[in-house]
Each structure stands twice: as structure tokens, then as C-alpha cells.
Amino acid sequence: AFVSDDYVMAADTETLARGRYLVEALGHCTECHTPRDAVGGLDRSRWMAGAPNPSGKGTIPNITPAALDWSEGDLVEYFTSGFTPDYDSAGGKMAEVVENLSRLPETDRAAIAAYVKALPAVP
Ligand code: HEC
């Protein structure tokens, strides 16, 4: 693992703020992982809880702790190599996202992982 699993507990507000910035401002993660409400805005009550795939095929997964139990190290690994804990690899549009994330400094990937782990659980 790249970062210890208790890193999240220790994650300071600065790390989470950096993660939030990368996710919400730069990463556009919410554009795919958060569903839209009736008027087309992001549904904040289902933040990162998965959404229909804009391509019309399948769905984009819920990545809140209610659905994803990966450790912080697992997330950093996925954002670096695209490998999941079961040695599957990121597919679809996420493969392109991982390619971009893999070019960031590791501290940024760790900040994104800390933010994802700190998301409110949405079943
Ligand atoms: C263009 C749409 C899109 C964007 C933008 C996007 N994702 Fe994804 N994401 C997906 C899809 C589709 C999958 C499923 C990939 C697969 O099935 O292999 C996925 C999978 C994941 C997974 C693994 C979940 C699982 O259960 O396998 C994580 C974690 C994740 N994304 C985090 C992020 C983060 C963090 C960002 C922003 C940096 C992001 N995603 C941006 C579409 C996107």
C-alpha cells in the first residue's frame, strides 16, 4: 500500500480540502459519479452515489463508503495503475480518468483518496 489505511483518520483538513478541490474543480468526478436532479443540477443528496452512464450503457458506480469498501491504499493504487483490489482494471471512461490521475503527484492522488473515503455514505 502507498499510504497507511489509518491515513484517513489522520487526514487533516488541508488534505481533505486539496482532495475536494481536485475532485470537484479539476477532476470532474461528480459529472459522472453524481446523478442529476429534476432540473438537471447535480443531486447533492446523492453525491458520488452513482448515476446512469451518459453513453446510455450501464451505470457509473457509487463510490461512497456505502458501496465501496476499498482502503485508501487501494484507491491510490487504482488512481495510479487502474488496478482494483481484485486485479480487475479500470474500464470505460474511467480508464481515461486514471490516465490523467496517474500523472499527478502521489500526494494529490492520496488527497483524492482521503476525500473519497470521507464522503457521506449513500446507499
Ligand atoms: C467520464 C466519466 C467519469 C469520470 C469523469 C470519473 N469517473 Fe470514476 N468511474 C467511471 C466509470 C464508468 C467507472 C467504472 C469503471 C469500470 O467499470 O471499470 C468508474 C469507476 C470509479 C471507481 C471504482 C469504483 C468501482 O466500484 O469499481 C472509483 C474509485 C472512481 N471511479 C473514482 C473517480 C474519481 C475520484 C474521479 C475524479 C478524479 C472519477 N472517478 C471520474 C466514470 C467516471
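The values are calculated or read from the model by the stated rules, or taken from the named source; none is laboratory data. Since the model is a prediction, treat every value here as computed from it, not as a measurement. Counting neighbours? That spans all protein chains shown, and the Cβs are built from the backbone with ideal geometry, glycine included.
Scanning the stretch 107-120 finds no residues that are part of a loop (DSSP other than H, G, I, E, B), under 13 Å from the mean Cα position of the chain (by Cα), within 8 Å of the ligand (Cβ to nearest atom) and within 21 Å of Asp12 (Cβ to Cβ). When the stretch 73-82 is filtered for residues that are within 11 Å of the ligand (Cβ to nearest atom) and either outside any helix (DSSP H, G or I) or farther than 17 Å from Pro120 by Cβ (or both), the ones remaining, listed by number, are Asp74, Val76, Glu77, Tyr78, Phe79, Gly82.
What do you reckon, is Leu101 closer than 13 Å to Cys29 by Cα and either surrounded by 14 or more Cβ atoms within 10 Å (Cβ to Cβ) or modelled with pLDDT under 95 (or both)? For Leu101, the condition - closer than 13 Å to Cys29 by Cα and either surrounded by 14 or more Cβ atoms within 10 Å (Cβ to Cβ) or modelled with pLDDT under 95 (or both) - is met. If you check Pro61, Pro54 for being at pLDDT 95 or above, of a type outside the set (Gly, Ala, Ser) and within 13 Å of the ligand (Cβ to nearest atom), only one passes: Pro61. In this structure, Thr30 does satisfy being surrounded by 12 or more Cβ atoms within 10 Å (Cβ to Cβ), at pLDDT 90 or above and of a type in the set (Val, Ile, Thr). Being more than 17 Å from Glu99 (Cα to Cα) and either part of a loop (DSSP other than H, G, I, E, B) or near the ligand (Cβ under 9 Å from one of its atoms) (or both) is a property that Ser45 lacks. The set of residues in the stretch 84-93 that are within 11 Å of the ligand (Cβ to nearest atom) and either hydroxyl-bearing (Ser, Thr, Tyr) or surrounded by 18 or more Cβ atoms within 10 Å (Cβ to Cβ) (or both) comprises Thr84, Ser89, Ala90.
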